[in-house]
Amino acid sequence: MQSLQYVGSAFKGTLGAARFLGLYAACSFVVALVAVAGFLELVGAIDVDGRLGQFDHALSAALGRHLSDAVLQALAIVTHLGDAWVLSTISAVIVLTLWFKRERLLALACLVAAAGGGMLTTVLKQYFARARPVREHAFATVDGYSFPSGHASGSMLVYGLLGYLVVRHTRSQWHIPAVIVTMAVIVFVGGSRILLQVHFLSDVLAGWTSATAWLALWIAGLEVVRRRTAI
């Protein structure tokens, strides 16, 4: 009798976990799908003669006329949070920390997610080959193509992964603050690229949407593995 009760409890626990996994995977897939759809909408709207393309150029020109040197200098400091070397350093710290904590699978997954996201952005930049906005200041040094924004996509991916890991390894009272700080950093980095006129608005939106799709799929996979291991 006790054996039957044990089997019944185990079956219910497994079924509940399986349902959770299905719901979580479905929600993550929907997030990724919406992000991809948003990215494709941006691709179809960035033509110079289109409304979004015209707005991009008008906004960049207006920012160039109205932002002071003091504001631009402050933004130039903030934008370094999305520099490749900063994001690479954070990614390395994350991977090494997980590795030495014996979470080897998670460490490798984060490494592939971060590196793959960077490669995806590079490929997209080369494919679309969009020129950067014209600016008259030298507070930010940039090269390469503009669409999508590497700072926006990189910060979404790396800080998003970091936020996910903080939520996963801390108590519930720290979850909301972690999410708020993560989103604030992502928004500040992306916004700084627009205000510094080194990217158009659509470049930053494209960086966010492409990285969101990539990140949602990876987090879904990591959660599935974690829950299956727990089962």
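At a glance:
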{"item": "FRET efficiency, VAL179 to THR122 (Cβ-Cβ, R0 41 Å, nearest 0.05)", "result": "0.90"}
{"item": "Relative contact order (%) - criterion: Cα under 8 Å, at least six apart; region: segment 2-230", "result": "33"}
{"item": "Spin-label pair VAL112/TRP85, simplified geometry with 7 Å Cα→Cβ offset, distance in nm", "result": "3.0"}
{"item": "Rough spin-label spacing in nm, given labels placed 7 Å along Cα→Cβ, for ARG168 and ARG65", "result": "4.9"}
{"item": "Dipole axis of segment 2-230 (+1 Lys, Arg; -1 Asp, Glu on Cβ), positive-most option in VAL71, ALA213, CYS27", "result": "CYS27"}
{"item": "Least to most buried among PHE147, PHE39 (fewest other Cβ within 10 Å first)", "result": "PHE39, PHE147"}
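Bear in mind these aren't lab numbers, they're just calculated from the coordinates by the rules spelled out. Since we're looking at a predicted model, the values are computed, not measured. Cβ atoms come from the backbone with ideal geometry, glycine included; neighbour counts cover every protein chain shown.
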